[in-house]
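The structure appears right after this line, and notes come after that.
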Amino acid sequence: MLSLKYKKIENGIKTQIICAFLATFAKNFNKKHILKTFEELGVSAEIRKAIEELGYEHPMPVQEEVIPYLLGVNNDVVALAQTGTGKTAAYGLPVLQKIDPSRTDTQAVILSPTRELCLQIADDLEAYSKYLPSVRVLPVYGGTNIESQIRTLKKGVQVIVATPGRLIDLMERGAASLGQVENVVLDEADEMLSMGFSESIDTILAGIPENHNTLLFSATMSKEIERISKKYLRHAQEIVVGSRNEGAETVNHVYYMVHARDKYLALKRVVDYYPKIYAIIFCRTRMETQEIADKLIQDGYNAEALHGELSQQQRDLTMQKFRQHRVQFLVATDVAARGLDVEDLTHVINYGMPDDTESYTHRSGRTGRAGKKGTSICIINTRERAKVREVEKIIGKSFVKEELPSGKDICAKQLYKVIDDIERVEVDEEEIEQFLPEVYRKLEWLDKEELIKRVVSREFGRFLQYYANAPEIEEPVEKAKGEKGKGKRGRNAEEGFTRLFLNLGKLDGFYAKEIMKLVNDHVKGKVEVGRIDLMKSFSFFEVAEEEAERVISGLSKVQVKGRKVVVEVASTDEGSEDSSKRKKKRKDDNRDKDSRRGEKKSRNDRKEEPKAKERKKDKKEKPSREERGYTAPRGKKYSKDDWKQFFSGENTSGELVGEEPDFSEEGWARRYPKKK
């Protein structure tokens, strides 16, 4: 009985401890997660009214951290937060609130790397300052008439949003006066550095008072960002929302593994599998961007290209159509799409992995913005798998490997979309009423089932026609770790490619760029070049199988620095152990040939020796000078006492004073080189 009593007391104490713990946890949790308001952050009533009309209800995490600090403390700030988390409002609201509307001089400068981002920031700031009528915001960027920008600046602008190049141009013309600037914002600072704007930033900051505040905003903390913060910022406060270089929580990361030759076909399957997709497709180069966009348009997709070779008017028109959902796919380069804020973007598609993790972070950050879900899809080949692993480690997110959808799966998805669209059609009976009798009369011979079949076939026919006989895309087999050939460089070409040998290497100054230029300059038409392996005195590069003969033929008569270029199909085990044995055997064979040639030469020399002696005997010896009739010696001969004649004459006694010099002494008349 006593033990039972103690057991009940023990259970009661445990219950009390658990309840107390849960109560404390709930209290702390509520304190930490109570949603703040913009009023609590110190945002003015005029700005609050404007952002409430834009749909802002509660500040996002980066805004909760940054806004109070910028409004309360005049220190420099480095803010790291993922794209799409509200960074523009985080610095835009405090900057606008600190503007003195009674002054017309420039009080804030916001720098952005691209024209599109510049316009986007300016539009946001103008919306935030709707009820601040005396505050004027002006975007200045290249590609447009500078005279109109100068005229506006002369009227007085408190906030300038600019690209570095155009702002420097305006400063040199005396149109932009930055002597009263109090706040400088570097938005997408890492991209500005990667685009080579470091010197431009130096020039701009040199024209701004030293006591200004610098606000640096970025999605990633690279070494370049750390360097620029140390260079330009003083006692900067680092505000990190989430973790450094962390990927956005709202973005799922998926990759499809295909052969390089199947990338475009895989892209079509991915976009067909998601009927309601609204996406940016990122490519590495301008040429690839335009090529993919042209292919998609040719195949019936609603796509546009966005890259640096387009004029500003073309880029503005393309972005306008994309934002208005009149374009479904925007095919873009990293630079052109940097900082774009497009609502409801469902997917980001990487047509190959970028060179660095920062670029991937910015790419994937275009989707999953403002708390919405998004998907980042990578279409890669086996060579890019290592880049995926590297990105996984840095952003702390796992990539899900998925199989490409089959033609049957795609057709099923598209069919359901057609049915859903038909179900959701809003019928305006008043508009079509007058046409219905004729329609009924024309279709009265069709029953319900037949009519449905015809409607679906008409809307769905393109996919049925394409995928009816479309071959399945084979997935390449990834080699397990440690699964390598015995030779260090043994390698087979990727399926669909041919591996070629080139007799030029690093010692000849030949790297990947030079090999690409050699092919482009001397081979007609476009050539798809795959993997390139560089050695000291030779190289290997892969081209599509059907283009191999054309490449070999095109380079057959080419010379580089007087040296004939040799291109031939490499053996499949080139560089392997067997290949090394064959090379050694060829060297031994060449050595044997040289030895045989040496023996033959030696025998020939022995045969020619008697003949040479006979010719030497037959040759007459050269006669002496006496035999040739010369009796007097050649030239005048001097004796060792002839020097004395220079000391005899009318003004001399004829007798020499002192000891007679010994001209045989070493170094008596040594000549020394003249001083230069």
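Filter the trypsin sites (Lys or Arg not before Pro) in segment 527-576 to those in DSSP coil with at most 11 other Cβ atoms within 10 Å of their Cβ, and list the result. Mind showing how you got there, number by number?
Details: sites: Arg531, Lys536, Arg550, Lys557, Lys561, Arg563, Lys564; in loops: Lys536, Lys557, Lys561.
Filter output for segment 527-576: Lys536, Lys557, Lys561.
Heavy atoms only, probe 1.4 angstrom, no DNA, RNA or ligands counted: give me Val569, Val523 ranked by accessible area, highest first. It would help to have the intermediate numbers written out before the result.
On the way: Val569 80, Val523 10 Å².
These residues rank, largest area first, as Val569, Val523.
Counting other C-beta atoms within 10 Å, and keeping those with at most 12, which DSSP coil trypsin sites (Lys or Arg not before Pro) do you find in segment 45-109? Working shown, then result.
On the way: sites: Arg48, Lys49, Lys87, Lys98, Arg103; in loops: Lys98, Arg103.
When the trypsin sites (Lys or Arg not before Pro) of segment 45-109 are filtered for loop state and at most 12 Cβ neighbours within 10 Å, Arg103 remain.
Using the structure shown, list the pairs from Lys295/Lys321; Lys130/Lys373; Lys231/Lys393 with a Cα-Cα distance above 24 Å, or answer none. Don't skip to the end; give the middle numbers.
Working: Lys295/Lys321 19 Å; Lys130/Lys373 30 Å; Lys231/Lys393 29 Å.
Checking Cα-Cα distances, Lys130/Lys373; Lys231/Lys393 exceed 24 Å.
I'd like the distance separating the alpha-carbon centroids of segment 271-300 and segment 147-200, in whole Å.
The two parts, judged by their Cα centres, are 34 Å apart.
Separation between the Glu475 and Ala512 pseudo-spin-labels, each 7 Å from Cα along Cα→Cβ, expressed in nm?
In this crude label model, Glu475 to Ala512 measures out at 2.7 nm.
Give me the one-decimal nm value for the distance between modelled label points at Glu403 and Lys321, 7 Å along each residue's Cα-to-Cβ direction.
Taking the two extended label points, one gets 3.8 nm.
So, for segment 314-440, what is the accessible surface per residue at a probe of 1.4 Å, expressed in square angstrom? Mind dumping the intermediate values first?
On the way: 6660 Å² over 127 residues.
Spelled out: the 1.4 Å probe surface of segment 314-440, per residue, equals 52 Å².
Quick check: net charge around Asn503, other residues with Cβ under 11 Å of its Cβ, Lys/Arg +1 and Asp/Glu -1? The partial results should precede the final answer.
On the way: positive: Arg563, Lys564; negative: Asp508, Glu568.
With Lys, Arg at +1 and Asp, Glu at -1, the net is 0.
With a 10 Å radius around each residue's Cβ, average the other Cβ atoms per peptide and rank 345-351, 280-286, 426-432, highest first. Write down the numbers at each step before the final one.
Working: 345-351: 21.9, 280-286: 20.1, 426-432: 7.3.
Per-residue mean Cβ counts within 10 Å order the peptides as 345-351, 280-286, 426-432.
Would you mind telling me the share, in percent, of accessible area of segment 341-388 contributed by carbon and sulfur at probe 1.4 angstrom? Intermediate results must be reported in sequence, preceding the final value.
Working: 660 of 1490 Å².
C and S atoms contribute 44 percent here.
Arranged from highest to lowest average of other beta-carbon atoms within 10 Å per residue, in what order do the peptides 500-506, 322-328 appear? Display every interim value, and only then the final one.
On the way: 500-506: 18.4, 322-328: 14.6.
So the order, starting with the most tightly packed, is 500-506, 322-328.
For the pair Gln559 and Lys526, what calculated FRET efficiency results from E = 1/(1 + (r/R0)^6), where r is the Cβ-Cβ distance and R0 = 25 Å, to the nearest 0.05? Provide the component values of the computation, followed by the final result.
On the way: r = 24 Å, r/R0 = 0.96.
With R0 = 25 Å, the Cβ-Cβ based efficiency is 0.55.
Can you list which of the GluC sites (Glu not before Pro) found in segment 343-397 are DSSP loop residues with at most 14 other C-beta atoms within 10 Å? Don't skip to the answer; put the middle values down first.
Numbers: sites: Glu343, Glu358, Glu384, Glu390, Glu392; in loops: Glu343.
For GluC sites (Glu not before Pro) across segment 343-397 that sit outside H, G, I, E and B with at most 14 neighbouring Cβ atoms in 10 Å, the list reads Glu343.
Can you tell me the Rg and Dmax of segment 354-400, counting just the alpha carbons, in angstroms?
11.0, 34
Counting only other residues whose beta carbon sits under 9 Å from that of Leu306, what net charge do I get with K and R as +1, D and E as -1? Show your work: numbers first, answer last.
On the way: positive: Arg315; negative: Glu116, Glu304.
Net local charge, Leu306 excluded: -1.
Sorted by mean Cβ packing within 10 Å, highest first, what order do the peptides 250-257, 141-148, 172-179 take?
On the way: 250-257: 20.1, 141-148: 13.1, 172-179: 14.6.
Ranked from most to least packed, the peptides come out as 250-257, 172-179, 141-148.
In square nanometres, what is one fourth of the surface area of the convex hull spanned by the alpha carbons of segment 294-438? Can you show the working numbers first?
Working: hull surface 53.6 nm².
The Cα convex hull of segment 294-438, projected and averaged over all directions, gives 13.4 nm².
Quick one: work out Rg over Rh on the C-alpha atoms of segment 322-406, Rh as Kirkwood radius. Don't jump to the answer; show the numbers that get you there.
Details: Rg = 13.3 Å, Rh = 13.9 Å.
That ratio equals 0.95.
Count the net charge of all other residues whose Cβ sits under 14 Å from the Cβ of Lys453, scoring Lys and Arg as +1 and Asp and Glu as -1.
Working: positive: Lys448, Arg454, Arg458; negative: Asp447, Glu449, Glu450, Glu459.
Net charge around Lys453: -1.
Residues in segment 429-444 near a label at Val455, defined as backbone nitrogen under 14 Å from the 7 Å Cα→Cβ point?
From segment 429-444, the list is 440, 443-444.
The values are calculated or read from the model by the stated rules, or taken from the named source; none is laboratory data. None of the values given here were measured: they were computed from a predicted structure. Reconstructed Cβ throughout: ideal geometry from the backbone, glycine too, with neighbour counts over all protein chains shown. To get the accessible areas, we keep the full protein, side chains included, count just its heavy atoms, and leave off ligands, DNA and RNA. Shrake-Rupley method; radii C 1.70, N 1.55, O 1.52, S 1.80 Å.
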